[in-house]
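Report on the structure given below.
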Amino acid sequence: MDRHKEFLEQVIDMATKNVKDGLGGPFGSLVVKDGKIIGRGVNHVTVSNDPTAHAEIIAIRDACKNLNNFQLDGCIIYSSCEPCPMCLGAIYWARLKMLVFAASQNDAATAGFDDHFIRKEMEMPFEKRSIKTMKITPDTYLAPFKEWIENEKKVEY
């Protein structure tokens, strides 16, 4: 438990420094394997003009690069705040074994980072979402999946 707290204090310090340095939002993240930091990230959305440059995404990318693997089995991700839906999805896709965070999504909303509407939108049928969403199925729409199923050189994930 003390190690978890130590890593959380590090990500909180990273997030605070990120704001003071004017490099992005108040979010920091670490990926840890066997007690060693293998990935780091802070929010760089505004400085990189990249809406996906969240701390968790950057930390996951860094860890994957450092491990030379697209899966982070056996790793723990620490985040200064409860991850947004995009980051949570990336955490599951990366196969991390554990997520530890400090501030809640409600704490983030109080500071102006409210992702509640995204969480709600994901539950809605396409026709009720605020961004117009259409599903169109040309005759070839399943071709990429058929190719994947038949491809003997595919790397499962």
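The values are calculated or read from the model by the stated rules, or taken from the named source; none is laboratory data. Just so we're clear, the structure is a prediction, and the values are computed from it rather than from any experiment. Glycine gets a Cβ as well: all are built from the backbone with ideal geometry, and neighbour counts include every protein chain shown. When the accessible area is computed, the model is the full protein with side chains, heavy atoms only, and any ligands, DNA or RNA have been set aside. Shrake-Rupley method; radii C 1.70, N 1.55, O 1.52, S 1.80 Å.
Being within 30 Å of residue 36 (Cα to Cα), surrounded by 10 or more Cβ atoms within 10 Å (Cβ to Cβ), in contact with a Lys or Arg (Cβ under 8 Å, 6 or more places away or on another chain) and among the hydrophobic types (A, V, I, L, M, F, W, C) is true of residue 58. Selection of first residues in segment 39-58 that are at pLDDT 95 or above and of second residues that are open to solvent by less than 30 Å² (accessible area, probe 1.4 Å) and hydroxyl-bearing (Ser, Thr, Tyr), restricted to Cβ pairs under 6 Å at least 6 apart or on distinct chains, gives the following pairs, ordered by first then second residue: 41/29; 55/29; 56/29; 56/79.
Here 73, 107 are screened, and the one residue that is on the phi < 0 side of the Ramachandran plot and assigned to a helix (DSSP H, G or I) is 107.
The residue that is farthest from the chain's Cα centre (by Cα), counting only those in segment 17-52 that are buried (at least 21 other Cβ atoms within 10 Å of the Cβ) and part of a strand (DSSP E or B), is 32. Of all residues in segment 61-77, those that are modelled with pLDDT of 95 or more have Cβ atoms under 6 Å from Cβ atoms of residues that are open to solvent by less than 20 Å² (accessible area, probe 1.4 Å) and in a strand (DSSP E or B), 6 or more apart or on another chain, in 62/39; 63/31; 63/39; 75/31; 76/32; 77/31. Taking the criterion of being open to solvent by 30 Å² or more (accessible area, probe 1.4 Å) and touching a His at 6+ places or on another chain (Cβ under 8 Å), the only residue of segment 61-88 that qualifies is 86.
Taking the criterion of being in contact (Cβ under 8 Å) with a residue 24 or more places away in the chain and not small (Gly, Ala, Ser), the residues of segment 18-36 that qualify are 18, 23, 26, 27, 30, 31, 32, 33, 34.
Based on what the data block shows, is residue 1 over 13 Å from the mean Cα position of the chain (by Cα) and at pLDDT below 95? Judged against the criteria, residue 1 is a match. For segment 89-98, the condition of being of a type in the set (A, V, I, L, M, F, W, C), closer than 22 Å to residue 119 by Cβ, open to solvent by 40 Å² or more (accessible area, probe 1.4 Å) and not in a loop (DSSP other than H, G, I, E, B) holds for at least one residue. Of the residues making up segment 102-123, those that are touching a residue at least 40 places away in the same chain (Cβ under 8 Å) and open to solvent by 60 Å² or more (accessible area, probe 1.4 Å) number 2. Here residue 119 meets the list (1) in a loop (DSSP other than H, G, I, E, B); (2) over 21 Å from residue 9 (Cβ atoms); (3) of a type outside the set (Ser, Thr, Tyr) almost entirely, failing just condition (1). When the residues of segment 124-149 are filtered to those that are of a type in the set (A, V, I, L, M) and assigned to a helix (DSSP H, G or I), which remaining residue is least open to solvent (accessible area, probe 1.4 Å)? Here the residue is 143.
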